[in-house]
Amino acid sequence: MKSTTQTIFCFLFAISLLNSSCKKAEKDEIPVVFDRSKLLSNYSENIIIPSLFSFKNEVNAFNTTLKIFSKDPTLITLIDARNSWKTCYKSYFKCAYFDFGPAVNSAGNMQQNIVFFPVNESLLETKIVAQAVSEITTTKEIKGLNAIAYLLFGDNKTDQEIINNFNSDADRLKRIEFINALGADLVSYTDNLYTTWNTSYKEEFTADLSLTANSSISNLFNAIAKSAGIIKNEKLRIPAAIGSTPNYKLAEAYYTNLSSTYFIEHLKTINNAWHGNSSVNPTSGIGFDDFLIALDAEATTATDISQQLTLCTTNLAAYESVLTKDLFVINKQTSLETSVNEFKKLSTLIKTDAATQLGIGINFTENE
(Lines give C-alpha, C1' and ligand atoms only; values in the text may rest on other atoms or scores of the structure.)
Protein backbone atom coordinates (compact mmCIF):
# COMPACT_ATOMS: atom_id res chain seq x y z
CA MET A 1 0.00 0.00 0.00
CA LYS A 2 2.81 2.31 0.93
CA SER A 3 4.59 1.46 -2.31
CA THR A 4 1.44 2.18 -4.32
CA THR A 5 0.94 5.53 -2.57
CA GLN A 6 4.54 6.54 -3.26
CA THR A 7 4.15 5.53 -6.88
CA ILE A 8 1.02 7.66 -7.29
CA PHE A 9 2.66 10.60 -5.54
CA CYS A 10 5.74 10.42 -7.78
CA PHE A 11 3.53 10.20 -10.86
CA LEU A 12 1.50 13.25 -9.87
CA PHE A 13 4.66 15.19 -9.00
CA ALA A 14 6.14 14.39 -12.40
CA ILE A 15 2.96 15.57 -14.12
CA SER A 16 3.10 18.78 -12.07
CA LEU A 17 6.68 19.46 -13.11
CA LEU A 18 5.81 18.77 -16.74
CA ASN A 19 2.87 21.19 -16.66
CA SER A 20 4.99 23.84 -14.97
CA SER A 21 7.70 23.39 -17.58
CA CYS A 22 5.20 23.64 -20.43
CA LYS A 23 3.60 26.79 -19.00
CA LYS A 24 7.01 28.41 -18.62
CA ALA A 25 7.91 27.50 -22.18
CA GLU A 26 4.61 28.90 -23.41
CA LYS A 27 5.18 32.13 -21.43
CA ASP A 28 8.70 32.52 -22.80
CA GLU A 29 7.45 32.03 -26.33
CA ILE A 30 4.71 34.69 -26.11
CA PRO A 31 5.98 37.67 -28.15
CA VAL A 32 5.97 41.12 -26.59
CA VAL A 33 3.07 43.09 -28.04
CA PHE A 34 4.22 46.61 -28.86
CA ASP A 35 3.04 48.49 -31.92
CA ARG A 36 6.21 50.01 -33.36
CA SER A 37 4.22 51.69 -36.12
CA LYS A 38 2.42 53.83 -33.52
CA LEU A 39 5.78 54.81 -32.02
CA LEU A 40 7.11 55.98 -35.38
CA SER A 41 3.85 57.67 -36.37
CA ASN A 42 3.83 59.62 -33.12
CA TYR A 43 7.36 60.90 -33.60
CA SER A 44 6.84 61.67 -37.28
CA GLU A 45 3.39 63.26 -37.24
CA ASN A 46 3.18 64.80 -33.77
CA ILE A 47 6.77 65.74 -33.02
CA ILE A 48 9.24 65.91 -35.91
CA ILE A 49 7.18 67.47 -38.71
CA PRO A 50 5.40 70.09 -36.51
CA SER A 51 8.74 71.01 -34.88
CA LEU A 52 10.45 71.41 -38.25
CA PHE A 53 7.54 73.53 -39.49
CA SER A 54 7.79 75.80 -36.46
CA PHE A 55 11.56 76.08 -36.75
CA LYS A 56 11.59 76.81 -40.48
CA ASN A 57 9.13 79.66 -39.88
CA GLU A 58 11.42 81.08 -37.18
CA VAL A 59 14.40 80.80 -39.54
CA ASN A 60 12.52 82.67 -42.26
CA ALA A 61 11.44 85.36 -39.81
CA PHE A 62 15.01 85.74 -38.57
CA ASN A 63 16.34 85.94 -42.12
CA THR A 64 13.96 88.83 -42.79
CA THR A 65 15.35 90.83 -39.85
CA LEU A 66 18.87 89.94 -41.00
CA LYS A 67 18.22 91.39 -44.44
CA ILE A 68 16.74 94.55 -42.92
CA PHE A 69 19.81 94.99 -40.73
CA SER A 70 22.29 94.36 -43.56
CA LYS A 71 20.45 96.87 -45.77
CA ASP A 72 20.30 99.52 -43.04
CA PRO A 73 22.74 98.83 -40.17
CA THR A 74 21.50 100.89 -37.21
CA LEU A 75 21.18 100.22 -33.51
CA ILE A 76 17.45 99.54 -33.90
CA THR A 77 17.86 97.05 -36.75
CA LEU A 78 20.78 95.41 -34.93
CA ILE A 79 18.73 94.89 -31.77
CA ASP A 80 15.84 93.50 -33.83
CA ALA A 81 18.13 91.04 -35.58
CA ARG A 82 19.68 89.93 -32.28
CA ASN A 83 16.29 89.38 -30.64
CA SER A 84 15.12 87.40 -33.63
CA TRP A 85 18.34 85.37 -33.49
CA LYS A 86 17.63 84.42 -29.85
CA THR A 87 14.08 83.34 -30.68
CA CYS A 88 15.28 81.32 -33.65
CA TYR A 89 18.09 79.66 -31.69
CA LYS A 90 15.73 78.62 -28.89
CA SER A 91 13.30 77.23 -31.45
CA TYR A 92 16.04 75.00 -32.87
CA PHE A 93 16.09 72.83 -29.74
CA LYS A 94 12.64 71.49 -30.53
CA CYS A 95 14.44 69.78 -33.43
CA ALA A 96 17.77 69.13 -31.71
CA TYR A 97 17.82 65.36 -32.16
CA PHE A 98 16.55 65.04 -35.77
CA ASP A 99 20.13 64.35 -36.88
CA PHE A 100 19.57 61.51 -39.33
CA GLY A 101 18.08 60.78 -42.74
CA PRO A 102 17.49 63.97 -44.77
CA ALA A 103 19.17 66.09 -42.06
CA VAL A 104 22.60 64.90 -43.23
CA ASN A 105 24.42 66.66 -46.09
CA SER A 106 28.00 67.46 -47.11
CA ALA A 107 28.52 69.68 -44.04
CA GLY A 108 27.27 67.03 -41.62
CA ASN A 109 24.06 66.61 -39.64
CA MET A 110 21.50 69.16 -38.51
CA GLN A 111 23.48 70.24 -35.47
CA GLN A 112 26.53 70.87 -37.64
CA ASN A 113 24.51 72.78 -40.23
CA ILE A 114 22.51 74.94 -37.83
CA VAL A 115 24.28 75.42 -34.47
CA PHE A 116 27.86 74.21 -34.84
CA PHE A 117 30.30 75.67 -32.33
CA PRO A 118 32.91 76.91 -31.67
CA VAL A 119 33.08 79.16 -34.71
CA ASN A 120 36.46 79.33 -36.46
CA GLU A 121 36.68 83.12 -36.33
CA SER A 122 39.89 83.50 -38.34
CA LEU A 123 38.63 81.16 -41.07
CA LEU A 124 35.32 83.01 -41.17
CA GLU A 125 37.03 86.39 -41.56
CA THR A 126 39.28 84.96 -44.27
CA LYS A 127 36.29 83.65 -46.22
CA ILE A 128 34.48 86.98 -45.85
CA VAL A 129 37.44 88.87 -47.34
CA ALA A 130 37.76 86.27 -50.11
CA GLN A 131 34.00 86.46 -50.74
CA ALA A 132 33.97 82.66 -50.59
CA VAL A 133 30.21 82.34 -50.08
CA SER A 134 30.17 79.11 -52.08
CA GLU A 135 32.06 77.40 -49.24
CA ILE A 136 29.37 78.07 -46.65
CA THR A 137 27.32 75.03 -47.60
CA THR A 138 30.10 72.54 -46.94
CA THR A 139 32.08 74.19 -44.11
CA LYS A 140 30.47 73.76 -40.69
CA GLU A 141 33.04 75.94 -38.85
CA ILE A 142 31.86 79.10 -40.67
CA LYS A 143 28.13 78.51 -41.04
CA GLY A 144 24.92 78.42 -39.04
CA LEU A 145 23.47 80.50 -36.26
CA ASN A 146 26.66 80.74 -34.20
CA ALA A 147 28.62 82.10 -37.16
CA ILE A 148 25.91 84.73 -37.59
CA ALA A 149 26.07 85.45 -33.84
CA TYR A 150 29.77 86.23 -34.23
CA LEU A 151 28.87 88.85 -36.83
CA LEU A 152 25.87 90.29 -34.94
CA PHE A 153 27.06 90.16 -31.32
CA GLY A 154 30.82 90.15 -31.82
CA ASP A 155 33.53 89.15 -29.38
CA ASN A 156 33.98 91.98 -26.85
CA LYS A 157 32.81 94.57 -29.37
CA THR A 158 30.50 97.50 -28.75
CA ASP A 159 27.24 97.86 -30.64
CA GLN A 160 28.72 100.74 -32.61
CA GLU A 161 31.74 98.67 -33.60
CA ILE A 162 29.43 95.96 -34.93
CA ILE A 163 27.43 98.52 -36.88
CA ASN A 164 30.61 100.08 -38.24
CA ASN A 165 31.71 96.69 -39.57
CA PHE A 166 28.70 96.81 -41.89
CA ASN A 167 29.05 100.51 -42.75
CA SER A 168 32.78 100.77 -43.44
CA ASP A 169 33.52 101.20 -47.14
CA ALA A 170 36.32 98.63 -47.01
CA ASP A 171 34.31 95.81 -45.42
CA ARG A 172 30.68 96.73 -45.90
CA LEU A 173 29.80 94.95 -49.13
CA LYS A 174 31.78 91.79 -48.37
CA ARG A 175 30.37 91.48 -44.85
CA ILE A 176 26.83 92.16 -46.04
CA GLU A 177 27.20 89.63 -48.83
CA PHE A 178 28.44 86.96 -46.43
CA ILE A 179 25.88 87.45 -43.66
CA ASN A 180 23.08 87.40 -46.23
CA ALA A 181 24.53 84.19 -47.70
CA LEU A 182 24.61 82.65 -44.21
CA GLY A 183 20.95 83.53 -43.74
CA ALA A 184 20.02 82.15 -47.15
CA ASP A 185 21.86 78.90 -46.37
CA LEU A 186 19.82 78.47 -43.17
CA VAL A 187 16.57 79.09 -45.03
CA SER A 188 17.48 76.67 -47.81
CA TYR A 189 18.51 73.91 -45.40
CA THR A 190 15.48 74.16 -43.10
CA ASP A 191 12.97 74.54 -45.94
CA ASN A 192 14.36 71.49 -47.73
CA LEU A 193 14.48 69.45 -44.52
CA TYR A 194 10.86 70.21 -43.66
CA THR A 195 9.67 69.55 -47.22
CA THR A 196 11.49 66.22 -47.41
CA TRP A 197 10.13 65.04 -44.06
CA ASN A 198 6.61 66.18 -44.91
CA THR A 199 6.58 64.32 -48.23
CA SER A 200 8.71 61.35 -49.24
CA TYR A 201 10.72 60.65 -46.08
CA LYS A 202 7.70 60.49 -43.75
CA GLU A 203 6.43 57.33 -45.45
CA GLU A 204 9.90 55.79 -45.60
CA PHE A 205 10.44 56.51 -41.90
CA THR A 206 7.14 55.09 -40.64
CA ALA A 207 7.28 52.00 -42.88
CA ASP A 208 10.55 50.68 -41.44
CA LEU A 209 9.61 48.77 -38.28
CA SER A 210 12.84 46.80 -37.83
CA LEU A 211 15.47 47.29 -35.13
CA THR A 212 18.45 46.72 -37.41
CA ALA A 213 21.28 49.21 -37.85
CA ASN A 214 20.14 52.36 -39.70
CA SER A 215 16.48 51.44 -39.29
CA SER A 216 14.10 54.25 -38.34
CA ILE A 217 13.80 53.13 -34.71
CA SER A 218 17.56 52.63 -34.40
CA ASN A 219 18.33 56.03 -35.95
CA LEU A 220 15.80 57.77 -33.73
CA PHE A 221 17.00 56.05 -30.54
CA ASN A 222 20.64 56.82 -31.37
CA ALA A 223 19.83 60.43 -32.24
CA ILE A 224 18.22 61.00 -28.84
CA ALA A 225 21.14 59.33 -27.03
CA LYS A 226 23.70 61.29 -29.06
CA SER A 227 21.91 64.59 -28.49
CA ALA A 228 21.98 64.02 -24.72
CA GLY A 229 25.70 63.29 -25.05
CA ILE A 230 26.23 66.65 -26.76
CA ILE A 231 24.95 68.40 -23.63
CA LYS A 232 27.30 66.33 -21.48
CA ASN A 233 30.40 66.77 -23.61
CA GLU A 234 30.32 69.78 -25.94
CA LYS A 235 28.13 71.97 -23.74
CA LEU A 236 29.44 71.14 -20.26
CA ARG A 237 32.59 69.02 -20.03
CA ILE A 238 34.73 70.62 -22.77
CA PRO A 239 34.30 74.32 -21.83
CA ALA A 240 34.45 73.40 -18.11
CA ALA A 241 37.79 71.60 -18.67
CA ILE A 242 37.63 69.78 -15.33
CA GLY A 243 41.12 69.60 -13.82
CA SER A 244 42.43 72.23 -16.19
CA THR A 245 41.62 75.84 -17.12
CA PRO A 246 38.02 76.50 -18.21
CA ASN A 247 37.56 78.11 -21.60
CA TYR A 248 34.19 79.80 -21.98
CA LYS A 249 35.00 80.62 -25.61
CA LEU A 250 34.38 76.92 -26.32
CA ALA A 251 30.86 77.13 -24.90
CA GLU A 252 27.69 77.11 -26.91
CA ALA A 253 26.32 80.53 -27.91
CA TYR A 254 29.42 82.16 -26.44
CA TYR A 255 28.85 85.49 -28.24
CA THR A 256 25.44 85.92 -26.61
CA ASN A 257 26.66 84.92 -23.12
CA LEU A 258 23.54 82.72 -22.79
CA SER A 259 24.92 79.18 -22.84
CA SER A 260 22.92 78.00 -19.81
CA THR A 261 19.62 79.18 -21.33
CA TYR A 262 20.18 76.98 -24.34
CA PHE A 263 21.51 73.80 -22.73
CA ILE A 264 18.55 73.89 -20.33
CA GLU A 265 16.22 74.23 -23.32
CA HIS A 266 18.05 71.39 -25.05
CA LEU A 267 17.49 69.04 -22.10
CA LYS A 268 13.76 69.85 -22.05
CA THR A 269 13.58 68.54 -25.61
CA ILE A 270 15.54 65.37 -24.75
CA ASN A 271 13.15 64.71 -21.88
CA ASN A 272 10.15 65.19 -24.16
CA ALA A 273 11.76 63.11 -26.90
CA TRP A 274 12.38 60.14 -24.64
CA HIS A 275 8.78 60.12 -23.46
CA GLY A 276 7.31 60.65 -26.92
CA ASN A 277 6.03 64.12 -26.11
CA SER A 278 5.92 67.13 -28.38
CA SER A 279 7.93 70.27 -27.63
CA VAL A 280 5.65 72.30 -29.92
CA ASN A 281 2.16 71.14 -28.95
CA PRO A 282 1.09 70.18 -25.40
CA THR A 283 0.55 66.55 -26.35
CA SER A 284 1.91 63.28 -24.99
CA GLY A 285 2.39 60.17 -27.07
CA ILE A 286 4.11 56.82 -27.37
CA GLY A 287 7.85 57.04 -26.64
CA PHE A 288 10.79 54.81 -25.88
CA ASP A 289 9.72 54.67 -22.25
CA ASP A 290 6.55 52.89 -23.39
CA PHE A 291 8.62 50.52 -25.53
CA LEU A 292 10.67 49.56 -22.46
CA ILE A 293 7.59 49.14 -20.27
CA ALA A 294 6.15 46.73 -22.84
CA LEU A 295 9.26 44.59 -22.43
CA ASP A 296 9.51 44.88 -18.64
CA ALA A 297 6.30 44.83 -16.62
CA GLU A 298 8.18 46.24 -13.61
CA ALA A 299 9.39 49.15 -15.78
CA THR A 300 12.72 49.27 -13.94
CA THR A 301 14.84 50.78 -16.71
CA ALA A 302 12.10 53.12 -17.90
CA THR A 303 11.66 54.44 -14.36
CA ASP A 304 15.41 54.80 -13.84
CA ILE A 305 15.79 56.86 -17.03
CA SER A 306 12.84 59.11 -16.20
CA GLN A 307 14.23 59.71 -12.71
CA GLN A 308 17.71 60.43 -14.07
CA LEU A 309 16.32 62.90 -16.60
CA THR A 310 14.60 64.67 -13.68
CA LEU A 311 17.88 64.73 -11.73
CA CYS A 312 19.75 66.20 -14.72
CA THR A 313 17.00 68.80 -15.19
CA THR A 314 17.15 69.83 -11.53
CA ASN A 315 20.92 69.98 -11.70
CA LEU A 316 21.03 72.26 -14.76
CA ALA A 317 18.31 74.51 -13.35
CA ALA A 318 20.89 75.78 -10.86
CA TYR A 319 22.70 77.50 -13.76
CA GLU A 320 19.66 79.30 -15.09
CA SER A 321 20.44 82.97 -15.79
CA VAL A 322 24.16 82.43 -15.07
CA LEU A 323 26.05 84.10 -17.90
CA THR A 324 28.53 82.06 -19.91
CA LYS A 325 31.56 84.04 -18.73
CA ASP A 326 30.49 83.52 -15.11
CA LEU A 327 29.71 79.83 -15.53
CA PHE A 328 32.81 78.31 -17.08
CA VAL A 329 35.27 79.47 -14.43
CA ILE A 330 37.46 77.73 -11.86
CA ASN A 331 35.12 78.16 -8.89
CA LYS A 332 32.26 76.50 -10.81
CA GLN A 333 34.24 73.40 -11.86
CA THR A 334 33.15 71.21 -8.94
CA SER A 335 29.50 71.93 -9.65
CA LEU A 336 29.97 71.39 -13.39
CA GLU A 337 31.75 68.09 -12.74
CA THR A 338 28.72 66.93 -10.75
CA SER A 339 26.51 67.87 -13.71
CA VAL A 340 28.71 65.94 -16.12
CA ASN A 341 28.59 62.88 -13.85
CA GLU A 342 24.80 62.97 -13.75
CA PHE A 343 24.76 62.98 -17.55
CA LYS A 344 27.19 60.07 -17.58
CA LYS A 345 24.70 58.07 -15.53
CA LEU A 346 21.96 59.03 -18.00
CA SER A 347 24.16 57.99 -20.90
CA THR A 348 24.80 54.56 -19.36
CA LEU A 349 21.11 53.99 -18.73
CA ILE A 350 20.17 54.84 -22.33
CA LYS A 351 23.15 53.50 -24.30
CA THR A 352 23.68 50.33 -22.25
CA ASP A 353 20.60 49.35 -20.25
CA ALA A 354 17.83 50.55 -22.57
CA ALA A 355 19.67 49.70 -25.79
CA THR A 356 20.32 46.15 -24.58
CA GLN A 357 16.72 45.61 -23.52
CA LEU A 358 15.34 46.97 -26.77
CA GLY A 359 17.87 45.13 -28.93
CA ILE A 360 19.17 48.33 -30.54
CA GLY A 361 22.83 48.81 -31.41
CA ILE A 362 24.64 52.10 -30.69
CA ASN A 363 26.00 53.57 -33.92
CA PHE A 364 28.14 56.42 -32.57
CA THR A 365 31.03 56.98 -30.19
CA GLU A 366 31.59 59.84 -27.78
CA ASN A 367 34.81 61.63 -26.99
CA GLU A 368 34.78 61.27 -23.22
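Odds and ends about this structure:
- All of S122, S106 fail the test of being over 17 Å from S259 (Cβ atoms) and modelled with pLDDT of 95 or more, apart from S122.
- Whichever residue in the stretch 335-354 is of a type in the set (V, I, T) and open to solvent by 10 Å² or more (accessible area, probe 1.4 Å) and, among such residues, is nearest to G229 (Cα to Cα): T348
- When S210, S227, S200 are checked against the criterion of being of a type in the set (S, T, Y) and surrounded by 15 or more Cβ atoms within 10 Å (Cβ to Cβ), a single residue qualifies: S227.
- When S37, S70, S51 are checked against the criterion of being buried (at least 19 other Cβ atoms within 10 Å of the Cβ), among the polar types (S, T, N, Q), under 26 Å from the mean Cα position of the chain (by Cα) and part of a helix (DSSP H, G or I), S51 stands alone in meeting it.
- Residue check for I238: aliphatic (A, V, I, L, M), assigned to a helix (DSSP H, G or I) and closer than 22 Å to V119 by Cα: yes
- Test: K202 is closer than 21 Å to P102 by Cα, among the basic types (K, R) and either touching a Ser or Thr at 6+ places or on another chain (Cβ under 6 Å) or in contact (Cβ under 8 Å) with a residue 12 or more places away in the chain (or both): yes
- In the stretch 155-182, the residues that are surrounded by fewer than 19 Cβ atoms within 10 Å (Cβ to Cβ), part of a helix (DSSP H, G or I), among the charged types (D, E, K, R) and under 32 Å from the mean Cα position of the chain (by Cα): D159, E177
- Among the conditions (1) at pLDDT 95 or above; (2) surrounded by 14 or more Cβ atoms within 10 Å (Cβ to Cβ), the only one that L295 does not satisfy is (1).
- Any hit, the stretch 338-358, residues being at pLDDT 95 or above, assigned to a loop (DSSP other than H, G, I, E, B), hydrophobic (A, V, I, L, M, F, W, C) and touching a helix residue (DSSP H, G or I) at 6+ places or on another chain (Cβ under 8 Å): no
- Pairs where the first residue, in the stretch 112-127, is within 15 Å of D185 (Cα to Cα) and the second is among the polar types (S, T, N, Q) and open to solvent by less than 20 Å² (accessible area, probe 1.4 Å), C-beta under 7 Å, 6+ apart: V115/N146; F116/N146
- Scan of the stretch 241-278 for residues that are in a loop (DSSP other than H, G, I, E, B) and farther than 17 Å from V115 by Cα, ordered by number: A241, I242, G243, S244, T245, P246, N247, H275, G276, N277, S278
- Single match in L186, L236 (criterion: open to solvent by less than 10 Å² (accessible area, probe 1.4 Å), touching a residue at least 40 places away in the same chain (Cβ under 8 Å), within 20 Å of the chain's Cα centre (by Cα) and farther than 26 Å from P50 by Cα): L236
- Index of the failed condition, N46 passing every other in (1) touching a helix residue (DSSP H, G or I) at 6+ places or on another chain (Cβ under 8 Å); (2) in a helix (DSSP H, G or I); (3) surrounded by 18 or more Cβ atoms within 10 Å (Cβ to Cβ): (1)
- Of the numbered criteria (1) closer than 30 Å to K268 by Cβ; (2) open to solvent by 20 Å² or more (accessible area, probe 1.4 Å); (3) touching a residue at least 40 places away in the same chain (Cβ under 8 Å), the one W85 fails is (2).
- Test: residue in the stretch 292-309 that is closer than 27 Å to Y254 by Cβ and in contact (Cβ under 8 Å) with a residue 24 or more places away in the chain: yes
Yes or no, residue by residue, for (1) of a type in the set (G, A, S); (2) surrounded by 21 or more Cβ atoms within 10 Å (Cβ to Cβ); (3) at pLDDT below 95:
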site: G276; (1), (2), (3): yes, yes, no
site: T283; (1), (2), (3): no, no, yes
site: F288; (1), (2), (3): no, yes, no
site: T300; (1), (2), (3): no, no, yes
site: L309; (1), (2), (3): no, yes, no
site: T324; (1), (2), (3): no, yes, no
site: F328; (1), (2), (3): no, yes, no
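The values are calculated or read from the model by the stated rules, or taken from the named source; none is laboratory data. Every value quoted in this text rests on a predicted model; they were computed, and no experiment measured them. Note: ideal-geometry Cβ built from the backbone for every residue, glycine included; neighbour counts use all protein chains shown. For accessibility, only protein heavy atoms count, side chains too; no ligands or nucleic acids. Shrake-Rupley method; radii C 1.70, N 1.55, O 1.52, S 1.80 Å.
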